[in-house]
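First the structure, in the form of structure tokens, and then the observations on it.
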Amino acid sequence: MSPPLDLDSLLNEEPPGDTAAASRVLAAARGELAQRKPARSWRTHAAWVVAASGGLSLLVAVVMLALGATSGALLLSRAHLLVLLLGTCGVCAWGALSPRGRVLRRVGVVLSMLTAAVLVLARDTPHTVSNVPEWVCTASHLAVGAVPLVVALLVLRTAVFQPMRALCAGLAVGTTGAFLGELACERGWRHVAGYHLLAWGLIVVASLVISKSLKPRSYAP
């Protein structure tokens, strides 16, 4: 009984000179392809990132509202900011995973910068003093962004590393912490600029550094 066909070894051999050898190569190739799972589209991967970041943001809002940690009045007063964050997440995630999303990636970066500026400018002077250390916001934002970051890094491995893709993926994930900040924090604009945006920036840096260090599963563009 002949040994099983190995596609890699057959491809390293000299080109077949007869029909029988060509049939062996074809049979081995078909066997390899039959064992591979169908590749998921980039749209599915983008949806995963949006679901992980935006879905987690909405879940946090529901839980905080149920526990009394936030109020319906606060949600309504900041609804435009929350919608802006969710939209930024969607644009950045779509641009990060789209094979031809160069323009969309640039739009995502600009939109993220505008969103960050709006978050700072929208904050009024706080009327109460919080006893919670300011760094708690940064730490909580990083913690809530950990799971979406893992999802983003996994889907980024489906293509060759590109800095702009990793940047946009990090920007999409960073909206999760910023969303939490709008729900749970009532400090002023200096705090938002110094601690909320710091967490967003650290998520972006982590996405760039870790994504570059991971070996891609595919070298598709």
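Points to keep in mind about this one:
- Residue satisfying condition, being touching a residue at least 12 places away in the same chain (Cβ under 8 Å) and more than 18 Å from residue 189 (Cα to Cα), within set 100, 157, 123: 157
- Answer residue from segment 165-203, given it is β-branched (Val, Ile, Thr) and closer than 12 Å to residue 142 by Cβ and is nearest to the chain's Cα centre (by Cα) among those: 173
- Selection count where residues are free of Cβ contacts under 8 Å to residues at least 60 places away in the same chain, open to solvent by less than 30 Å² (accessible area, probe 1.4 Å) and assigned to a loop (DSSP other than H, G, I, E, B), scope segment 179-215: 1
- Residue count for segment 136-154, restricted to those that are free of Cβ contacts under 8 Å to residues at least 12 places away in the same chain and touching a Phe, Trp or Tyr at 6+ places or on another chain (Cβ under 7 Å): 0
The values are calculated or read from the model by the stated rules, or taken from the named source; none is laboratory data. Everything numeric in this text was worked out from a predicted model, so none of it was measured. Using ideal geometry, Cβ is built from the backbone for each residue, glycine included, and neighbour counts are taken over all protein chains shown. For the accessible areas, the whole protein counts, side chains as well, though only heavy atoms, and no ligand, DNA or RNA atoms are used. Shrake-Rupley method; radii C 1.70, N 1.55, O 1.52, S 1.80 Å.
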